[in-house]
Amino acid sequence: MQANAEIQSVAAERAYSVPLSEIDVSDPKLHQADAIWPYFSRLRQEAPVHYTPDSDFGAFWSVTRYKDIMNIEMQPKTFSSEAARGGITIMDGNEVATLPMFIAMDPPKHDAQRKVVSPIVAPHNLAKLEDLIRQRTAERLDELPLNEEFDWVQEVSINLTTKMLATLFDFPYEDRHLLTHWSDIATTLPGAGLIDSEEERMVEVQACAEYMTRLWNERVNSEPGPDVLSMLAHSDKTRNMSPEEFLGNMFLLIVGGNDTTRNSMSGGLLALNQHPGEYEKLAANPELVQSSLVPEIIRWQTPLAHMRRTANTDIEFAGEKIRKGDKVIMWYVSGNRDERSIDRPNEFIVDRQRPRQHLSFGFGIHRCVGNRLAELQLRILWEELLQRWPDPMQIEVTGQPQRILSNFIKGYESLPVRINA
Amino acid sequence: MKITFIEYNGTAMEVEAAQDGTLRDVALDNLVPGIDGDCGGDCACATCHVFIDDEWQAKLPPLSDDEDTMLALCDDRTEASRLGCQIKLGPELDGLVVRTPEGQH
Ligand code: HEM
Ligand code: FES
């Protein structure tokens, strides 16, 4: 494998020397090598709404400025999320994406379904889960090895997100690895190791459906509880969901909250290690966790690099002629580094003013419904970490992270860390 | 001008506001609990949801389509619901009383 540093230096040069029409920001290798930034910088400056005629993902428009992205999100009638038109990612053809999930529906269907799920992750419900999430986080942190290198992604980020999903669903604790497995099944590419075909994917999806249906039946017949399944089983609006709708909502919640939160847990630690001055500020003032650290981590990481829309009609947008049926990619990862909208966007600043003004959760009618749950998990993690290891750089990143090969999920395969105690 | 914010638990807070911003800006500047305003005031996030009772509603600009669409995302929407960023302050709103929800998401 070519070293990241080499790919980065080639990209820095190439990004400004190739003709604009040859730029393809969908290349997953550029994302994996953390070498994509100069391309986005150039597009934001010279071609903020840019067309790539041919790529491994077909032809697509790239929207790279913060305000333009927000503008697209505010026009769901023109820019569709509907699965049947192509859905919400640059890639076409994943069978799980054809399950009815409201993230990939347009109004009015979207609005009705979102209403049902939204109260479950509203702040007053999350308050009921907080103690259990904290207890499970604390248990995990107390088990971590001290003064030796270990993989933060595996031992902390994946471990904790899996436990939190289990908490959210009140899923049998000893089987909780299944939740992470199903999430991976839903997002993986056939041939990448887990599955070889869409048929194999659907076999696993069916197993998930059966397991979840069994839990549902148990919850319907017991007292209402604060978990997702119980709330869906006891609400008038959802008690009679069709099996497909039920399955779609299950997958949406499992996948929506899995990689995104996991990668924020890794990304935050990496960001603090890359900005030692900020780590010091945080150590001196742990109150910042609550007020600004958590949203700044989510902006800086941008766990979903893009969302996709499909044009419903011919339209002129920011001077470009977008045609009906065109694929429009909103690059959050670029918008979150847009110097026109965000002050010192390339810096990680733990006490940033107005830290919530970022694109990582999207905007408009599809804006992330689990945003406060994600923030809650990260807040608890950092509160518990700083309580145990309060000194700056005490949780030390000891080597280079290995990043995920994807232009959609921006995250880490591994991150070597040592806790100096 | 003065504005009173009342939290969902009844705690009231009176603040002094300049007449040039929006209700969302005043709430954020004064760290009023229960208002987040994530999108910066562009009517794109619905996390500046507030309740304004009848006697003041008449003095507000009418609900736009965008505001209506975004308010539809709020679980606890009522007749009194508005988005704070869509309410520009002016002398006619001196003394305004605003109730804030338990949380925003
Ligand atoms: C840091 C963590 C997270 C990030 C960055 C994130 C990001 C996003 C983004 C970008 C969208 C789509 C916005 C659009 O299409 O305009 C979205 C939607 C959604 N997210 Fe999240 N998410 C996170 C955590 C979660 C969690 C924990 C849950 C689950 C409980 C969740 C559930 C959902 C759902 C159900 C939707 C669909 C909303 C709709 O279409 O109306 N997310 N999220
Ligand atoms: S601040 Fe986002 S809608 Fe008002």
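The values are calculated or read from the model by the stated rules, or taken from the named source; none is laboratory data. On a predicted model such as this, the values are computed, not experimentally measured, just so you know. Heads up, the Cβs are rebuilt from the backbone with ideal geometry, glycines too, and the neighbour counts pull from every protein chain shown. For accessibility, only protein heavy atoms count, side chains too; no ligands or nucleic acids. Shrake-Rupley method; radii C 1.70, N 1.55, O 1.52, S 1.80 Å.
Within 10 Å of each Cβ of A:81-90, how many other protein chain Cβ atoms are there on average? Let's see the in-between values first.
Details: counts 0, 0, 0, 0, 0, 0, 0, 0, 0, 0.
Averaged over the peptide's residues, the number is 0.
Taking every DSSP beta bridge that has both residues in chain B, what percent is antiparallel when rounded to the nearest 5? It would help to have the intermediate numbers written out before the result.
Values: 10 of 14 bridges.
Roughly 70 percent of the beta bridges in chain B run antiparallel, per DSSP.
Report the Stokes-Einstein translational diffusion coefficient (µm² s⁻¹, integer) for the protein assembly as shown, Rh taken as the Kirkwood radius over Cα pairs, at 37 °C with viscosity 0.692 mPa s. Before the final figure, lay out the partial values.
Working: Rh = 24.2 Å.
Rounded to a whole number, D works out at 136 µm²/s.
Take the solvent-accessible surface of the protein heavy atoms, probe 1.4 Å, and return the percent of it on chain A that carbon and sulfur atoms account for.
Working: 8580 of 17290 Å².
Heavy-atom surface of chain A belonging to carbon and sulfur, 1.4 Å probe: 50 percent.
Taking only C-alpha pairs under 8 Å that are 6+ residues apart, what is the relative contact order of segment B:2-104 in percent? Please report the intermediate quantities before stating the final value.
Numbers: 188 pairs, mean separation 43.7, N = 103.
Worked out over segment B:2-104, it gives 42 percent.
Just flag the trypsin sites (Lys or Arg not before Pro) in segment A:234-264 sitting in loop per DSSP whose Cβ has no more than 14 other Cβ atoms within 10 Å. Spell out each step's value before the answer.
On the way: sites: A:237, A:239, A:262; in loops: A:237, A:239.
The qualifying sites are A:237, A:239.
Give the accessible surface of chain B per residue, rounded to a whole number of Å², with probe radius 1.4 Å and ligands, DNA and RNA excluded. The partial results should precede the final answer.
Numbers: 4700 Å² over 105 residues.
Ligands and nucleic acids excluded, the figure is 45 Å² per residue.
With a 1.4 Å probe, what is the total accessible area buried between chains A and B, in Å² rounded to the nearest 100?
1700
Quick one: ranking B:2, A:67 by accessible area, 1.4 Å probe, largest first, what do you get?
Greatest to least solvent exposure: A:67, B:2.
Percent antiparallel among DSSP beta bridges with both residues in the protein assembly as shown, to the nearest 5? Intermediate values should be presented prior to the final figure.
Working: 33 of 40 bridges.
Bridges in the protein assembly as shown that DSSP calls antiparallel: roughly 80 percent.
Expressed as a rounded percentage, what relative contact order does chain A have, with Cα pairs under 8 Å and six or more residues apart? Display every interim value, and only then the final one.
Working: 648 pairs, mean separation 104.1, N = 421.
Rounded, it is 25 percent for chain A.
So for A:391, A:131, what's the accessible-area order with a 1.4 Å probe, most first? Before the final figure, lay out the partial values.
On the way: A:391 85, A:131 120 Å².
My answer, sorted largest first, is A:131, A:391.
Taking 0.36 nm per residue of sequence separation and subtracting the Cα-Cα distance, how much length would be gained by fully extending the chain between residue A:140 and residue A:420, in nm to one decimal?
99.1 nm
Give me the distance between the Cα centres of segment A:372-406 and segment A:28-43, rounded to whole Å.
Here the answer is 24 Å between Cα centres.
Quick one: 3J(HN,Hα) in Hz for segment A:344-359, Karplus 6.51/-1.76/1.60 with θ = phi - 60°, rounded, Gly and Pro as x.
6, x, 7, 9, 9, 10, 5, 10, 4, 6, 6, x, 7, 7, 9, 9
So, with a 1.4 angstrom probe, what is the percent of accessible area on segment B:2-104 that is carbon and sulfur?
On the way: 2190 of 4640 Å².
Ligands and nucleic acids excluded, carbon and sulfur give 47 percent.
Using the alpha-carbon centroid of each, what span in Å lies between segment B:51-94 and segment A:237-270?
32
So what is the diffusion coefficient of segment A:1-144 in µm² per second by Stokes-Einstein at 10 °C and 1.306 mPa s, using a Kirkwood Rh over Cα pairs?
Numbers: Rh = 18.9 Å.
Value of D from the Cα-based Kirkwood radius: 84 µm²/s.
I'd like the Karplus ³J(HN,Hα) series for segment A:4-15: coefficients 6.51, -1.76, 1.60, θ = phi - 60°, whole numbers in Hz, and an x wherever there's a Gly or Pro.
Along segment A:4-15, the couplings run 4, 4, 5, 4, 5, 6, 4, 4, 4, 7, 5, 3 Hz.
Can you sort A:291, A:406 by 1.4 Å-probe accessible area, starting with the largest? Provide the component values of the computation, followed by the final result.
Numbers: A:291 70, A:406 25 Å².
Final ranking, largest accessible area leading: A:291, A:406.
At q = 0.10, 0.14, 0.17, 0.22 Å⁻¹, what log₁₀ I(q)/I(0) does a Debye calculation on the Cα points of segment A:113-232 give, no solvent, two decimals?
-0.40, -0.76, -1.04, -1.30
Suppose only helical runs count, i.e. DSSP H with n ≥ 4. What mean residue ellipticity at 222 nm does that imply for chain B under -39500 (n - 2.57) per run, divided by all residues and rounded to the nearest 500 deg cm²/dmol? Don't skip to the answer; put the middle values down first.
Values: 3 runs with 18 residues, N = 105.
Per the formula, -4000 deg cm²/dmol.
Report residue A:142's accessible area, 1.4 Å probe, all protein chains in place, as a number in Å² to the nearest 10.
110
In square nanometres, what is one fourth of the surface area of the convex hull spanned by the alpha carbons of segment A:137-204? Write down the numbers at each step before the final one.
On the way: hull surface 23.1 nm².
Average projection, Cα convex hull of segment A:137-204: 5.8 nm².
Let me know the Rg and Dmax you get for segment A:206-290 when you use only its Cα atoms, in Å.
Using the Cα atoms of segment A:206-290, the pair Rg, Dmax is 19.7, 54 Å.
Suppose all protein chains stay in the model; what accessible area per residue would a 1.4 Å probe give for chain A, in Å²? Don't skip to the answer; put the middle values down first.
Working: 17290 Å² over 421 residues.
That works out to 41 Å² per residue.
In terms of the ratio Rg/(2.2 N^0.38 Å) built on C-alpha atoms, what value belongs to chain B? The partial results should precede the final answer.
Values: Rg = 12.2 Å, N = 105, 2.2 N^0.38 = 12.9 Å.
Dividing the Cα Rg of chain B by 2.2 N^0.38 Å gives 0.94.
Over the heavy atoms of residue A:167, what accessible area does a 1.4 Å probe trace out, to the nearest 10 Å²?
10
What is the set of long-range amide H partners of residue A:306 at a cut-off below 5 Å, with H atoms built 1.01 Å from backbone N?
A:332
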